[in-house]
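What follows is one structure encoded as structure tokens, with my remarks underneath.
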Amino acid sequence: MTHPKPNLILIGLRASGKSTLGSMLAQSLHLPLVDLDDVSANLLGCDGAGAAIEKHGIDSFRDAETKALRSTLDSDGQVISLGGGTPTAPGCAQILEQSSGRVIYLRALPETLRQRLSVEDNTDRPPLVGDNTIDEVQTLFDARDELYQRIAESVIHIDGVSQESVFAALIAICNAGA
């Protein structure tokens, strides 16, 4: 009897590399990639997370994230890139802690995230607590880092590390659990 492959769930703040590394990981492991921001926005009839938040508000978006996470975790063998705030959505931390998926935290210090966001913020998400996405990094890091570390099975520190090295660490984590 074959056992289903566990979901590989990437968490972290905006600009930590969840989408990019998730895509690379899914391609390398021949698994489907699920971007939970897209699933959540689709539940609200919007094209992207930013449009969904602007149209329906952050509370409705967080509720959609919870529904999207539950439905996504009904399937196994996926690489799932969560939105930065997904673990803070109602019930999501508990859902993640109880899932059979492997939660991996791509952890970057605020300086790294600010630098990445100043070079290119290609997300369509509006700032949540500041005037812009760079100003809010420290506040979001302070509010979420402990939660992310608690629910993660593995933490990859990405400060000063090349994308290739982070990807190799992801592959090593996946192979260790195979």
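Table for the structure above
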{"read-out": "Breaking point among (1) within 20 Å of Thr139 (Cα to Cα); (2) in contact with a Leu (Cβ under 9 Å, 6 or more places away or on another chain); (3) in a loop (DSSP other than H, G, I, E, B), for Pro90", "value": "(2)"}
{"read-out": "Hey, Arg116 among the charged types (D, E, K, R) and either modelled with pLDDT under 95 or in contact with a helix residue (DSSP H, G or I) (Cβ under 6 Å, 6 or more places away or on another chain) (or both) or not", "value": "yes"}
{"read-out": "Sole residue being more than 14 Å from the chain's Cα centre (by Cα), under 21 Å from Ala93 (Cβ atoms) and modelled with pLDDT of 95 or more, chosen from Ser40, Ser60", "value": "Ser60"}
{"read-out": "Scope segment 1-45; condition over 23 Å from Gln149 (Cβ atoms), among the aliphatic types (A, V, I, L, M) and touching a Gly at 6+ places or on another chain (Cβ under 6 Å); matching residues", "value": "Leu31, Leu33, Ala41"}
{"read-out": "Residue match in segment 57-73 (condition: closer than 20 Å to Arg150 by Cβ, among the hydrophobic types (A, V, I, L, M, F, W, C) and in contact with a strand residue (DSSP E or B) (Cβ under 7 Å, 6 or more places away or on another chain))", "value": "no"}
{"read-out": "Looking only at segment 134-178, and only at residues there that are acidic (Asp, Glu) and not in a helix (DSSP H, G or I), the one that is farthest from Ile80 (Cα to Cα)", "value": "Asp135"}
{"read-out": "Segment 1-41: number of residues that are over 17 Å from Leu170 (Cβ atoms), polar (S, T, N, Q) and free of Cβ contacts under 8 Å to residues at least 12 places away in the same chain", "value": "1"}
{"read-out": "Hits in segment 160-176 (condition: touching a residue at least 12 places away in the same chain (Cβ under 8 Å) and exposed (fewer than 12 other Cβ atoms within 10 Å of the Cβ))", "value": "Gly160"}
{"read-out": "From Ser81, Ser100, residue being modelled with pLDDT of 95 or more, in contact with an Asp or Glu (Cβ under 8 Å, 6 or more places away or on another chain) and under 17 Å from Ile11 (Cα atoms)", "value": "Ser81"}
{"read-out": "Residues that are more than 18 Å from Leu147 (Cβ to Cβ) and surrounded by fewer than 18 Cβ atoms within 10 Å (Cβ to Cβ), drawn from segment 74-104", "value": "Asp74, Ser75, Asp76, Gly77, Ser100"}
{"read-out": "Flag for Arg150 being modelled with pLDDT of 90 or more, closer than 27 Å to Pro6 by Cβ, basic (Lys, Arg) and surrounded by fewer than 16 Cβ atoms within 10 Å (Cβ to Cβ)", "value": "yes"}
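The values are calculated or read from the model by the stated rules, or taken from the named source; none is laboratory data. Fair warning: this is a prediction, and the values are worked out from it, not measured in the lab. A quick note on method: Cβ atoms are made from the backbone with ideal geometry, for glycine too, and the neighbour counts reach across all protein chains shown.
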